[in-house]
Amino acid sequence: QVQLVESGGGLVQPGGSLRLSCAASGFTFSRYAMSWYRQAPGKERELVADISEGGGSTKYADSVKGRFTISRDNAKATVNLQMNSLKPEDTAVYYCNAHGTTPFGRRFDYWGQGTQVTMSS
């Protein structure tokens, strides 16, 4: 079955860096776009970054542009989020998402369980 397993979250000081990883299995990874979302306490889940199937196209939320970088390795079926210059407002649970349309025309949309990123004071 489809599995998305995030790792790399933790406690970090403002201005620091973290690298999140998402290991995918159970589907043809290179066929689908991948995204990172986040959800802070009391707020709605929001898109942080997205990368196309081949990795040639990326997009970012305005709040993270220039600080975060999304990348993928289709050979290893992983997607990463390099987060630099972290701010207190980056504190959230970060979720990996795989999305697209199957060869049969059906919607494909799966989520990982999330990994917590917290800024220390």
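The values are calculated or read from the model by the stated rules, or taken from the named source; none is laboratory data. Note that this is a predicted model, so its numbers are computed, not measured. Glycine gets a Cβ as well: all are built from the backbone with ideal geometry, and neighbour counts include every protein chain shown. Each accessible area value is taken on the protein alone, full model and side chains, heavy atoms only, with ligands, DNA and RNA left out. Shrake-Rupley method; radii C 1.70, N 1.55, O 1.52, S 1.80 Å.
Could you do me a favour and compute the accessible area per residue for the chain, 1.4 Å probe, result in Å²?
With all protein chains present, the chain gives 53 Å² per residue.
If each of Thr69 and Ser85 carries a label point 7 Å out from its Cα toward its Cβ, how far apart are those two points in nm?
Between Thr69 and Ser85, the simple spin-label model gives 1.4 nm.
What Kirkwood radius, in Å to one decimal, follows from the Cα pairs of the range 14-96?
About 13.1 Å, per the Kirkwood formula over Cα pairs.
Taking only C-alpha pairs under 8 Å that are 6+ residues apart, what is the relative contact order of the chain in percent?
35 percent.
What does the charge dipole of the range 25-121 about its Cα centre add up to, to the nearest 20 debye, if the Cβ of each Lys and Arg holds +1 and the Cβ of each Asp and Glu holds -1?
120 debye
For the range 39-91, which GluC sites (Glu not before Pro) are in a loop by DSSP, counting at most 15 other Cβ atoms within 10 Å?
Glu44
Just tell me which lysines come within less than 25 Å, Cα to Cα, of Lys43; anything on the same chain fewer than 8 places away is out.
Within the straight-line cut-off, Lys43 pairs with Lys59, Lys65, Lys87.
Quick one: pull the percent of accessible area on the range 3-121 belonging to carbon and sulfur, 1.4 Å probe, ligands and nucleic acids left out.
That share works out to 47 percent.
Treat each spin label as a single point 7 Å out from the Cα along the C-beta direction, and report the Arg107 to Gln1 distance in nm.
Label-label distance for Arg107 and Gln1, simple model: 2.0 nm.
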